[in-house]
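As structure tokens, the structure follows; a few thoughts come after it.
The values are calculated or read from the model by the stated rules, or taken from the named source; none is laboratory data. The model shown is predicted, which means the values in this text are computed figures rather than measured ones. Cβ placement follows ideal geometry from the backbone for every residue including glycine, while neighbour counts extend to all protein chains displayed.
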């Protein structure tokens, strides 16, 4: 890949944008009164914005509006933007960048940049698919209730029931939003409708909706209520009220959502990429800009993917020679996909074995962590299987952040719907990405960092966070892991997977590839199972640009590390480098580069 400097036009345009000199001095200066005032302003602004989202409040462990769900109307989107614009105007009128210390000036710049991005993306708010193979409110609401709504009192239980009743209102708003998108010429691809319907129907199956075992959400409520230290009669009343809410407004809301989806499905006749949407080229350019935090064009991203894929596959062939395999790369893929020794049994025992192995990989990374990091997250980390009722629309693996109060751990989820499609050789790399030292280290540490404004603790940039996750996979090799050459091949296969993402995402949305073309390219160039290949391609079709963030971010982090090592020589400390990357929370790549250049200068 050609060397490239990631420069943000916004950073140049904003008053007081971070320069190398100012970032350099930020490493030593203590906060000034104006800095503290800005921190207080930004935290108050964050609190004001979060107050518009009862579900976000719950996610932060705050029980305000605990009986409400979010507002899913377009009016709510307008309100969020108006608030952000007002806050930006207040900040720029009250604070002057030149009066701030470098660290505070960075927060000033990042907040302004965030609002400008929100303003640009607002234009495309109707282009995003509400219900797709990437999920829908029908699935996300039960996940939210089960994972985030704690019941510590009778009032909490009553709030849970109130939220179940709120679902009827929410689904009416979601249905209106779906119809508004249809009227604007935005309809999800045809392949999305059957899995969304299947997962939605699973939510309203079982007790108390019909005969059979309790539904996941009813079982969750019962479990949480029965743990309360209160009278059994009161518990019975609460459970009866919950059953009524589920059979009544909750199910009515779901049925309305299903009816709306069925109606819109009639207009879903293609599986095209973003290019086919109204003004699709400009929309995709915006998505690339947001996802990569760079000015890379679709053609440039596509070529980077091809170049990286060629390099990675060369390393793959070296491992093939090491294990004595003489066939083609595709033949080796087939061997790893079909040989039973590289798979888990498609049984409950096989799923349990996967979770045990994934946990062991995470544990060994945590144990080795102090040799590679100055700080480790305090928050606990758990490995869990995706719940059966949302497997059809859940990704292959993903991470859920912990709650700030420590009562909810970070969760590394894995989709084990069909163990014949899960490959042992890839588990190790995925575990380092989603768990430790990947997302858990980056996201939990940011939340635990003192002095960061809340919008930086809880915000993010995909190129940074996913770039770090992919970097963590490679770091596992340096930490002494991947002792099994097949597992090391699996590491390379997941890196190739991210390179293929650059090619297929731009292919689908810019070069007008068909879904089938992308599937063939994946099949020929990656180790992924057939199920996962289809899930990946369909995911990209439903979320343009997002898949490009991983490789672009990882390449930037690796380039900065190489630059630091070359500049510092014997002074280079990998622990200090990792701390320099992680200590400011998620950053756009150009800002990360500026911060790291300042750190290098300070170490010299």
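Quick notes on this structure:
- Odd one out for residue 367, checked against (1) touching a residue at least 40 places away in the same chain (Cβ under 8 Å); (2) closer than 30 Å to residue 480 by Cβ; (3) part of a helix (DSSP H, G or I): (1)
Residue by residue, here is whether (1) at pLDDT below 95; (2) surrounded by fewer than 18 Cβ atoms within 10 Å (Cβ to Cβ); (3) touching a helix residue (DSSP H, G or I) at 6+ places or on another chain (Cβ under 6 Å) holds:
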| residue | (1), (2), (3) |
| --- | --- |
| 311 | no, yes, no |
| 317 | no, yes, no |
| 324 | no, yes, no |
| 328 | no, yes, no |
| 339 | yes, yes, no |
| 351 | no, no, no |
| 361 | no, no, yes |
| 370 | no, yes, no |
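- Unique residue being modelled with pLDDT of 95 or more and farther than 20 Å from residue 69 by Cβ when the list is 196, 174, 203, 187: 187
- Note on the range 221-243: residues that are surrounded by fewer than 18 Cβ atoms within 10 Å (Cβ to Cβ) and in contact (Cβ under 8 Å) with a residue 24 or more places away in the chain total 4.
- Some residue of the range 445-458 being modelled with pLDDT under 95, within 14 Å of the chain's Cα centre (by Cα) and either surrounded by fewer than 22 Cβ atoms within 10 Å (Cβ to Cβ) or over 30 Å from residue 332 (Cβ atoms) (or both): yes
- Counting only helices (runs of 4 or more DSSP H) that sit completely within the range 201-285, those holding 1 or more residues that are over 19 Å from residue 149 (Cα atoms) correspond to 232-245, 251-265.
Quick grid of which residues meet (1) out of contact with any helix residue (DSSP H, G or I) (no Cβ under 8 Å at 6 or more places or on another chain); (2) farther than 12 Å from residue 540 by Cβ; (3) not in a helix (DSSP H, G or I):
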site: 481; (1), (2), (3): no, yes, yes
site: 486; (1), (2), (3): no, yes, no
site: 499; (1), (2), (3): no, yes, no
site: 504; (1), (2), (3): no, no, no
site: 512; (1), (2), (3): no, yes, yes
site: 518; (1), (2), (3): no, no, no
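- When residues of the range 381-430 are limited to those that are assigned to a helix (DSSP H, G or I) and in contact with a strand residue (DSSP E or B) (Cβ under 7 Å, 6 or more places away or on another chain), the one surrounded by the most Cβ atoms within 10 Å (Cβ to Cβ): 393
- Scanning the range 187-207 for residues that are farther than 14 Å from residue 135 by Cβ and either surrounded by fewer than 20 Cβ atoms within 10 Å (Cβ to Cβ) or in contact with a strand residue (DSSP E or B) (Cβ under 7 Å, 6 or more places away or on another chain) (or both) gives 190, 191, 194, 201, 205, 206, 207.
- So residue 67, is it part of a loop (DSSP other than H, G, I, E, B), under 21 Å from residue 177 (Cβ atoms) and either touching a strand residue (DSSP E or B) at 6+ places or on another chain (Cβ under 8 Å) or in contact (Cβ under 8 Å) with a residue 60 or more places away in the chain (or both): no
- So residue 141, is it farther than 30 Å from residue 85 by Cβ and in contact with a helix residue (DSSP H, G or I) (Cβ under 7 Å, 6 or more places away or on another chain): no
- Residue in the range 412-430 that is more than 18 Å from residue 494 (Cα to Cα) and free of Cβ contacts under 8 Å to residues at least 24 places away in the same chain present: no
- Looking only at residues of the range 502-522 that are within 18 Å of residue 307 (Cα to Cα) and over 23 Å from the mean Cα position of the chain (by Cα), we find that the one that is surrounded by the most Cβ atoms within 10 Å (Cβ to Cβ) is 521.
- Counted residues, the range 77-94 - those being over 20 Å from residue 34 (Cα atoms) and loosely packed, with under 13 Cβ neighbours inside 10 Å: 2
- For the range 348-374, a residue qualifies if it is more than 23 Å from the chain's Cα centre (by Cα) and under 20 Å from residue 388 (Cβ atoms), and the qualifying residues are 348, 349, 350, 351, 352, 353, 356.
- With respect to the conditions (1) touching a residue at least 24 places away in the same chain (Cβ under 8 Å); (2) surrounded by fewer than 20 Cβ atoms within 10 Å (Cβ to Cβ), residue 277 lacks only one, and its number is (2).
- Remark: residue 131 falls outside the filter, which requires a residue to be in contact with a helix residue (DSSP H, G or I) (Cβ under 6 Å, 6 or more places away or on another chain), crowded, with 22+ Cβ neighbours inside 10 Å, touching a residue at least 24 places away in the same chain (Cβ under 8 Å) and farther than 23 Å from residue 176 by Cα.
- All positions within the range 42-56 that are buried (at least 20 other Cβ atoms within 10 Å of the Cβ) and free of Cβ contacts under 8 Å to residues at least 40 places away in the same chain: 54
- Pairs are defined by a Cβ separation below 9 Å, a sequence spacing of at least 6 or placement on different chains, a first member in the range 563-579 that is on the phi < 0 side of the Ramachandran plot and surrounded by fewer than 15 Cβ atoms within 10 Å (Cβ to Cβ), and a second member that is at pLDDT below 95 and not in a helix (DSSP H, G or I); the pairs so defined are 567/604; 571/604.
- Flag for residue 377 being under 28 Å from residue 344 (Cβ atoms), in contact (Cβ under 8 Å) with a residue 12 or more places away in the chain and in a loop (DSSP other than H, G, I, E, B): no
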